[in-house]
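These notes concern the structure reproduced below.
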4 protein chains.
Amino acid sequence: MSGVMRIGHLDLNVLDIKASRNYYVNIMGMDVTREDSDGTIYLKCWDEWDKYSLILRPSDEATFNRVAYKVEKDSDIDDLKAKIEAYGISTEILPEGAIPECGRVLKFDAPSGHEFNLYAKKTFVGKDVGSTNPRPWPFEGRGIKVHWIDHVLLMCQGPEKVMEATKFFQEVLEFNLAEQVCVGPNGSLQAATWLARTSTPHDLAFVAGPEVGMHHFAFFLDGWNDILRAADVMGMHNVKIDVTPQRHGITRGETIYFFDPSGHRLETFAGLGYLMQPDMPTVTWTEEELWRGIFYHTGQENGAFTTAYTLSAYK
Amino acid sequence: MSGVMRIGHLDLNVLDIKASRNYYVNIMGMDVTREDSDGTIYLKCWDEWDKYSLILRPSDEATFNRVAYKVEKDSDIDDLKAKIEAYGISTEILPEGAIPECGRVLKFDAPSGHEFNLYAKKTFVGKDVGSTNPRPWPFEGRGIKVHWIDHVLLMCQGPEKVMEATKFFQEVLEFNLAEQVCVGPNGSLQAATWLARTSTPHDLAFVAGPEVGMHHFAFFLDGWNDILRAADVMGMHNVKIDVTPQRHGITRGETIYFFDPSGHRLETFAGLGYLMQPDMPTVTWTEEELWRGIFYHTGQENGAFTTAYTLSAYK
Amino acid sequence: MSGVMRIGHLDLNVLDIKASRNYYVNIMGMDVTREDSDGTIYLKCWDEWDKYSLILRPSDEATFNRVAYKVEKDSDIDDLKAKIEAYGISTEILPEGAIPECGRVLKFDAPSGHEFNLYAKKTFVGKDVGSTNPRPWPFEGRGIKVHWIDHVLLMCQGPEKVMEATKFFQEVLEFNLAEQVCVGPNGSLQAATWLARTSTPHDLAFVAGPEVGMHHFAFFLDGWNDILRAADVMGMHNVKIDVTPQRHGITRGETIYFFDPSGHRLETFAGLGYLMQPDMPTVTWTEEELWRGIFYHTGQENGAFTTAYTLSAYK
Amino acid sequence: MSGVMRIGHLDLNVLDIKASRNYYVNIMGMDVTREDSDGTIYLKCWDEWDKYSLILRPSDEATFNRVAYKVEKDSDIDDLKAKIEAYGISTEILPEGAIPECGRVLKFDAPSGHEFNLYAKKTFVGKDVGSTNPRPWPFEGRGIKVHWIDHVLLMCQGPEKVMEATKFFQEVLEFNLAEQVCVGPNGSLQAATWLARTSTPHDLAFVAGPEVGMHHFAFFLDGWNDILRAADVMGMHNVKIDVTPQRHGITRGETIYFFDPSGHRLETFAGLGYLMQPDMPTVTWTEEELWRGIFYHTGQENGAFTTAYTLSAYK
């Protein structure tokens, strides 16, 4: 076992840092663990042990900067640098500390058009419940008490870009393809893909769309009852919900889509779904059943799924 | 304790009796307990003990005929006849057997414009799990395994009719007003009311609309997890869903709205909500928070709530 | 509708009033709404609207004083006084204020050997969530956030006393018999009975045992997930649990039995169970399946069900 | 990613193959996918894709034969053979087909005293829901509908053997140590360990006991509600339950322990627990909080946890 372990952090620009802070701290239940003089805040969830999983930068646009994945060993940085460059993609290594609290970082633009960072070290903080005789959840917690950042769905310009990105993450970073939506002649095009390094259904996903950006990122919750509780909390706090509690056909996940104060779409994703494994047969959703895959109950388009997303900040 | 106990049965016209039968039997999980030569079928849920709670009549229109409530004692028929007539509403007593499997029936048109029947006796069948050392639920069951018919929401022509109907059911049939939506100048008009005889939040409800008809009737389910399972079963069987799993602010109920093959709106309503009591303060929803009351999570109109309903059959 | 509505309050003696206060307030989530100079505290749950549902008196013994039920109308006091005395039981009417915050009280000893109080008025406080556009649950709440006191199970000396008490509550106070455990020759003896005035499975229950006392009283929770959360909270606070999360066959309720700091057994009871109605066939559990009725999963005796209970204080 | 992926199958002797078949098929919901002339049956769960995960052999003793884990690549067999032998443990390679439906198998006795098999290939069957537009669960399913075999807890003779086994699986097979119970002077002895290759809390666990054997193996269920449903089904079928629905402190899993007709202890384990990762800090349970770790709600010994287990068949 080596290479990419899981999503490490997201780096986003937000419009109103004060409103964002209140939202992520008091409604989502995250903690601010670092704050820079430019107003940038770093947050972690109670069930995460590294220093942060979310970077929010004060800005006049609500955009996506980059996503970072954590790799198992520092030597993975070198191994993956070689593999990525051999694949024809240029990379850069940032020195320790260039990304706050992190060791050296391997930076590159994936074929999807998004900046990815890989790192092996981040300042350790520990879970809120500790690691000696821990409680199963923090009795003192705020709001939705999200567990961890689970995955991100990135938007690429058209199915070809989805396919290029998927191929790259499968071949070079050894992600496994859990599910795919196949469209076009004889289902020859991947309109969306779900990729895993952990044994959950996805740590990273791609979807075809008009622009390069982020469709949403997701927080993990235990199960369907936490979804109800989360939706209740959202209702109490007037959170703008895109799609109310729902079953995904894809991943089997239980979900809510909603927006943060800047308009970034978030998800609470609940349940293991299934045990993802390298030898699990990839699940394919056909063009006819695409919406059944996305929203299992109605099988129909819902909310702003295809029209609202976060643009990438960099050109 | 005497007078109205609970909803007894609904009497509806359906377009395709075969499709309806399959739907209510295999997806909802009801049993056909009687069938007339004209094709009318009578159905009951596993947790009900009387012969039937739903009458479906083959027709070329999908309309509402009437709703029946069961009273505790046969003498209640006479007492309530006197009270209703004293209120200025004419009534009729149908002899035993006029409504199949039922004792004599008190028939009248409520101020809402709907025909109501009251009866004290119906052929006893028993719950599917029996009454000696019963299982908590039937291991052999079909589909959603609905427990019982819980309530009906009737549509009246405008708030005045809602108010007239509510007054009548409070004063004459001694229903208690659990919740109300108040609109108009200083909240002077009841746009919708929820009325109870049991200690659940409602056995009967009224809503203002353009026509006299039925907005929906509801099946009871235990809780939020049964709601997910029900929605999954609906997805598997391509049931047309109006509103996916949701929390009502009003009644606190967990809900799905969906349609039967004729277009009648149904609900699966889960949870006790709260213990309704005669002395519980009536909950009031203001015009501004009306949609928060109906769909707590978004606080916004959703589905075809205000546009789709079942017309009354009789003129 | 008139007569008994529901359980109104329990009056108990506790050993350590400070520990009890902390327990009921911070772990159960009740509020202290009144405190007398002798140290007696009065508590209510968030979903109750009357001033209190629990009286805890500092004492050197942990005993049961009495239980009070609320009736619908003040005139019920007189009607029920007449009925009870006609049944051969002497009664007393306490003037308004004799029981703090209550109107006049009808006091009598039931055939079970327990003191019962009936009252029609208690100072109104309102639910924590209010009655205008209320939230479905209080975002700011403590611990288990119990909804209301749901029922009490009283212990009588032997089946004959259970039968006498049951007959009295059925005939005089018009409770309905939801379930019974029948033992002895041909099942001729009621070893336990569950009686309802609301449409929940029980508002009062009796069980045969060696002494006159209280087996437990129960708090209502919504459902099985609240049971898990409650048990987690108990584990976090080292609450002494008698019986871990479980399904009752009787009532179908989801349950935990546990003890307060004085050793009074409490229950968190979840779910509606079923819609109790006067015409619902009484469920009978046979002697062979008695433990299946009590603990459905194992069908076996568990915890201290038959050996631990609260003695009555008065002789 | 390479090496061990997950538990592949368990190989057990059972006393009454007919009763076992009925139990695993109709109550657990598995399918018999192969049957040998000697009466041995092979079973799979609906959510597994390989031919079988359980081998039951007719016998006059209820014993444990071996457990097999699936590795990712056929070349892992050779790599791991070399590593295991370098560690000082002798191995054997069985040719393809020696274990029915499997490719070649690497066989060895672990320091725990148990026979382990590693294989890379097994006949593919597919999930019951297929892999094109799949339903989230099989509408037609039986009983508890277990998803997959999740893990096994093996019993070793004393903490030293637990420590030896743990060291071997960490160092040679690259399992990660999720949790441990530390006893003895300064917590110097591992009395139990939980080891993972997937990102669930455990794929393999060891516990100290008097004999070499199997404490239990576990089926996966989605969550706490499936636990209730499973326990209800067990109650309906008179399954012997060891420990009713419960939260583990260790792994946070929601659980039931129960026995199959031969007396093998099984578990239904629900929930992801947490995202296990190589860099997650190992959770340590101290001797004082050992039972809080095992049964979080009571923090006390329960059932036959320390006294009932399955002996190993081979000497």
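The values are calculated or read from the model by the stated rules, or taken from the named source; none is laboratory data. Fair warning: this is a prediction, and the values are worked out from it, not measured in the lab. Positions of Cβ are backbone-derived with ideal geometry, glycine not excepted, and every protein chain shown enters the neighbour counts. Just so you know, the surface numbers come from the protein's heavy atoms only, side chains and all, with ligands and any DNA or RNA stripped out. Shrake-Rupley method; radii C 1.70, N 1.55, O 1.52, S 1.80 Å.
Being assigned to a strand (DSSP E or B) and in contact (Cβ under 8 Å) with a residue 12 or more places away in the chain is true for just one of D:LEU118, D:LEU173. Which residue is that? Break it down into steps so the answer makes sense when it comes.
Working: D:LEU173 fails: assigned to a strand (DSSP E or B).
Unique residue meeting the criteria: D:LEU118.
Inspect segment D:84-97 for any residue being open to solvent by less than 70 Å² (accessible area, probe 1.4 Å), within 19 Å of D:ARG197 (Cα to Cα) and in contact with a strand residue (DSSP E or B) (Cβ under 8 Å, 6 or more places away or on another chain) and give the result as yes or no.
Yes: segment D:84-97 contains one or more residues that are open to solvent by less than 70 Å² (accessible area, probe 1.4 Å), within 19 Å of D:ARG197 (Cα to Cα) and in contact with a strand residue (DSSP E or B) (Cβ under 8 Å, 6 or more places away or on another chain).
Counting just the residues of segment A:221-238 that are crowded, with 24+ Cβ neighbours inside 10 Å and more than 7 Å from every other protein chain (Cβ to nearest Cβ), which one comes out nearest to the chain's Cα centre (by Cα)?
Among those that are crowded, with 24+ Cβ neighbours inside 10 Å and more than 7 Å from every other protein chain (Cβ to nearest Cβ), it is A:LEU221.
Inspect all residues belonging to segment B:132-143 and state whether any of them is hydroxyl-bearing (Ser, Thr, Tyr), in contact with a strand residue (DSSP E or B) (Cβ under 7 Å, 6 or more places away or on another chain) and touching a residue at least 12 places away in the same chain (Cβ under 8 Å). If you could, list the steps in order and put the result at the bottom.
Here is the first cut: in segment B:132-143, the residues hydroxyl-bearing (Ser, Thr, Tyr) are B:132.
Narrowing the set further to residues that are in contact with a strand residue (DSSP E or B) (Cβ under 7 Å, 6 or more places away or on another chain) leaves B:132.
If we keep only those that are touching a residue at least 12 places away in the same chain (Cβ under 8 Å) as well, we get none.
No.
Looking only at segment D:286-298, count every residue that is in contact (Cβ under 8 Å) with a residue 40 or more places away in the chain and either exposed (fewer than 14 other Cβ atoms within 10 Å of the Cβ) or not hydrophobic (A, V, I, L, M, F, W, C) (or both) and tell me the total.
Residues meeting the conditions: 7.
Would you pick out the residues in segment A:110-143 that are open to solvent by less than 10 Å² (accessible area, probe 1.4 Å) and more than 8 Å from every other protein chain (Cβ to nearest Cβ)?
Correct list: A:ALA110, A:SER112, A:HIS114, A:PHE116, A:ASN117, A:LEU118, A:TYR119, A:GLY143.
Exactly one of (1) in contact (Cβ under 8 Å) with a residue 60 or more places away in the chain; (2) within 14 Å of chain D (Cβ to nearest Cβ); (3) of a type outside the set (S, T, N, Q); (4) on the phi < 0 side of the Ramachandran plot is unmet by A:GLY3. Its number?
Looking at each condition in turn, A:GLY3 falls short on (4).
Here's a check for you: in segment B:286-306, which residue that is assigned to a loop (DSSP other than H, G, I, E, B) and within 23 Å of the chain's Cα centre (by Cα) is farthest from the other protein chains (Cβ to nearest Cβ)?
This residue is B:THR306.
Just to be sure I understand, how many residues within segment B:49-58 are away from chain C (no Cβ under 14 Å) and assigned to a strand (DSSP E or B)?
Qualifying residue count for the region: 5.
If I ask for residues that are assigned to a loop (DSSP other than H, G, I, E, B) and either touching a Lys or Arg at 6+ places or on another chain (Cβ under 6 Å) or within 23 Å of B:LEU275 (Cα to Cα) (or both), which ones from segment B:176-223 would you list?
Let us first name the residues in segment B:176-223 that are assigned to a loop (DSSP other than H, G, I, E, B), namely B:184, B:188, B:197-203, B:210-212, B:222-223.
Correct list: B:ARG197, B:THR198, B:SER199, B:THR200, B:PRO201, B:HIS202, B:ASP203, B:ASP222, B:GLY223.
Counting only residues that are among the polar types (S, T, N, Q) and assigned to a strand (DSSP E or B), which one in segment B:59-111 is nearest to B:ARG6 (Cα to Cα)?
For segment B:59-111, the residue satisfying everything is B:ASN65.
Go through (1) open to solvent by 20 Å² or more (accessible area, probe 1.4 Å); (2) within 13 Å of another protein chain (Cβ to nearest Cβ) for D:LYS167 and report which single condition fails.
For D:LYS167, the failing item is (2).
Filter segment C:32-48 down to the residues that are free of Cβ contacts under 8 Å to residues at least 40 places away in the same chain and part of a strand (DSSP E or B) and list them by number.
Those that are free of Cβ contacts under 8 Å to residues at least 40 places away in the same chain and part of a strand (DSSP E or B): C:VAL32, C:GLU35, C:ILE41, C:LEU43.
Okay, residues lined up against (1) open to solvent by less than 10 Å² (accessible area, probe 1.4 Å); (2) touching a Phe, Trp or Tyr at 6+ places or on another chain (Cβ under 9 Å):
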site: C:ASN22; (1), (2): no, no
site: C:ILE27; (1), (2): no, no
site: C:GLY39; (1), (2): no, no
site: C:TRP49; (1), (2): no, yes
site: C:TYR52; (1), (2): yes, yes
site: C:PRO58; (1), (2): no, no
site: C:GLU61; (1), (2): no, no
site: C:ARG66; (1), (2): no, yes
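Starting from segment D:15-26, take each residue that is closer than 18 Å to D:ALA230 by Cβ and list its partners that are among the basic types (Lys, Arg), counting only C-beta distances under 8 angstrom and pairs at least six apart or across chains.
These pairs meet every condition: D:VAL25/D:ARG142; D:ASN26/D:ARG142.
Those residues that are more than 22 Å from B:VAL67 (Cβ to Cβ) and touching a helix residue (DSSP H, G or I) at 6+ places or on another chain (Cβ under 9 Å), I need them from segment B:298-314; list them, please.
B:THR298, B:GLY299, B:GLN300, B:GLU301, B:ASN302, listed by residue number.
Just give me the residues in segment B:8-31 being outside any helix (DSSP H, G or I) and aromatic (Phe, Trp, Tyr), in sequence order.
Answer for segment B:8-31, where residues must be outside any helix (DSSP H, G or I) and aromatic (Phe, Trp, Tyr): there is none.
Residue by residue through segment A:270-285, note down the ones that are in a strand (DSSP E or B) and either at the interface with chain D (Cβ under 7 Å from one of its Cβ atoms) or free of Cβ contacts under 8 Å to residues at least 12 places away in the same chain (or both).
Listed by number, the residues that qualify are A:VAL283, A:THR284, A:TRP285.
Might you let me know whether segment B:261-268 holds any residue that is part of a loop (DSSP other than H, G, I, E, B) and at the interface with chain C (Cβ under 9 Å from one of its Cβ atoms)?
No, segment B:261-268 contains no residue that is part of a loop (DSSP other than H, G, I, E, B) and at the interface with chain C (Cβ under 9 Å from one of its Cβ atoms).
Looking at (1) more than 18 Å from the chain's Cα centre (by Cα); (2) of a type outside the set (Phe, Trp, Tyr); (3) under 30 Å from A:ASP50 (Cα atoms); (4) within 9 Å of another protein chain (Cβ to nearest Cβ), which is the one condition that is false for D:PRO245?
Here D:PRO245 meets the rest and fails (3).
Could you list all residues from segment A:144-163 that are closer than 19 Å to A:GLY8 by Cα and either open to solvent by 20 Å² or more (accessible area, probe 1.4 Å) or among the basic types (Lys, Arg) (or both)?
Scanning segment A:144-163 gives a single hit, A:LYS145.
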